[in-house]
Amino acid sequence: MRRKTFSKLLIPAIALALIATPAMAAKKKPIKIGLLYALSGLAAVYTKGTVIGHQIAAEEINAAGGVLGRKIKFVVRDNKLKPGIAVKEFRRMVTRDKVDFVMGIISSGVALAVSQVAKEMKVLFVDTIAQTAALTGEQGHNYVIRTNTNSTVIGRTAALAASKQSWKKYYFIGPDYEWGHRVNSDFWSFLQVKKDGVEKLGDLWPKLGERDYSAHITAMLNAKPDAVFSSLWGGDLIAFIKQASAYGFFDKIQYISTGGGDLDILKPLGKEMPDGVMATYLYAFDTAPVKQAENKKFIAEFKKRAGYVPKSGDIIGYVSTYMLAQAMEKAGSSDSDAIIKAMRGSKFETILGDVEVRKIDGQATFAYHAGFTYTNPKYPFKRLKDVTRAEGLEVLRTDAEVTKARADYKKKGS
């Protein structure tokens, strides 16, 4: 019997597909899906578990007879966090490995480059981790779909939570590329709508991979803001927190961290993560899932393979694979155009709740969260409390906003 996570909208198609047995699926040509991630260097802490999430879902689906009587097979490539390598690997997977479509990417800049090649080749690119809103917004097109949140959702969720506090004066810090500039802007523009009298004191743009933040920390301490909004991530965020703690930074300034509530950050830092940081996150193994029984099963299987409880990227690998399986069942095909037609405007059942892939931009409507770090004696890493949950449609750009953003982008001649 197929897992109940398959959408109710697809019951007729699934009933027909159940006629296919695992033995029949083994005889048919597999559905080949490219997984294109930065599997080495700075991003590896995020992406290796995501691939495991994809694999668990595929194995479950294959054991139940596959999709359309065909098994899922992954072709995995490392883009090394470089746009040029990612574009080259995308082309190779399509032309040499003959994948049906490609999923993956963590860097926003890399995702934008890959998206343009997907458009050119007319092959579906499913973005699973990279989160610049421009990907499905200003630079969106028919061949890109995102099965995650985006920078607008993240920035606006943080702004929604921050607007409930007394903080008025803000400083900003973020990596000097697409992601950092975008999410900082998304936060600030929405905060001004939600709270009167807020003031921006300045911003800092360290390079990606910066390891000495002493000058940045000193500049922010001297400015004396009420709060700092930070879009640093991965190893950069961990390095910043460790260095800033030595200055007593977190005792003097409220810190707001995008993604700081994910285990990618909380586990490596352990007790070094300060209490009271406002941190955003998509998924928390102990609080966020809607379907608890299925979540517990996934956690157990993931922990058996990886040796640790799953992070946000890991659950997205799992959920995204199931969403694409649902779409292929509905489409009756693994062809890019057929999948796109089946996904846009459709709803999907997932561990994280019912999700729609919007027709206008191919953006999924996952909820997002912002909470405050605290010490929980049950765990060797910090957990989150006083959580603000924002539903996707509450913080995504409206259809009108997306349409305007695309028109403005086109006027600029971009």
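The values are calculated or read from the model by the stated rules, or taken from the named source; none is laboratory data. All figures in this text were calculated on a predicted structure; none of them were measured in a lab. Cβ: placed from backbone, ideal geometry, glycine included. Neighbour counts: every protein chain shown.
All but one of (1) touching a residue at least 12 places away in the same chain (Cβ under 8 Å); (2) out of contact with any Gly (no Cβ under 7 Å at 6 or more places or on another chain) hold for Phe366; state the number of the condition that does not hold.
It is condition (2) that Phe366 fails.
Testing Leu124 on (1) at pLDDT below 95; (2) over 29 Å from Lys194 (Cα atoms), one condition comes back false. Which one is that?
(1)
Can you confirm whether Gln131 is in a loop (DSSP other than H, G, I, E, B), modelled with pLDDT of 95 or more and not basic (Lys, Arg)?
Values: in a loop (DSSP other than H, G, I, E, B): yes; modelled with pLDDT of 95 or more: no; not basic (Lys, Arg): yes.
So Gln131 fails the test.
I need the strands (runs of 3 or more DSSP E) fully contained in region 155-261, keeping only those with at least 1 residues that are in contact (Cβ under 8 Å) with a residue 60 or more places away in the chain and of a type in the set (S, T, N, Q).
On the way: elements: 169-173, 199-204, 227-230, 254-257.
Per the criteria, 254-257.
Can you find, within region 270-320, the residue that is surrounded by the most Cβ atoms within 10 Å (Cβ to Cβ) among those that are free of Cβ contacts under 8 Å to residues at least 40 places away in the same chain and among the basic types (Lys, Arg)?
Here the answer is Lys297.
Residues checked against (1) among the aliphatic types (A, V, I, L, M); (2) under 22 Å from Arg182 (Cβ atoms); (3) buried (at least 17 other Cβ atoms within 10 Å of the Cβ); (4) modelled with pLDDT of 95 or more:
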| site | (1), (2), (3), (4) |
| --- | --- |
| Thr5 | no, no, yes, no |
| Ile11 | yes, no, no, no |
| Pro22 | no, no, no, no |
| Lys27 | no, no, no, no |
| Ile33 | yes, no, yes, yes |
| Lys88 | no, no, no, yes |
| Val102 | yes, no, yes, yes |
| Ser108 | no, yes, yes, no |
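Please enumerate the residues belonging to region 211-238 that are surrounded by fewer than 17 Cβ atoms within 10 Å (Cβ to Cβ) and either aliphatic (A, V, I, L, M) or within 26 Å of Asn150 (Cβ to Cβ) (or both). If you could, list the steps in order and put the result at the bottom.
First, the residues of region 211-238 that are surrounded by fewer than 17 Cβ atoms within 10 Å (Cβ to Cβ): 211-212, 214-215, 218-219, 222-224.
Ala215, Ala219, Ala223 - these are the residues of region 211-238 that are surrounded by fewer than 17 Cβ atoms within 10 Å (Cβ to Cβ) and either aliphatic (A, V, I, L, M) or within 26 Å of Asn150 (Cβ to Cβ) (or both).
Results for (1) at pLDDT 95 or above; (2) of a type in the set (Val, Ile, Thr); (3) under 21 Å from Gly53 (Cα atoms), shown as yes or no for each residue.
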| site | (1), (2), (3) |
| --- | --- |
| Glu294 | no, no, yes |
| Met328 | yes, no, yes |
| Gly345 | yes, no, no |
| Leu352 | no, no, yes |
| Tyr374 | yes, no, no |
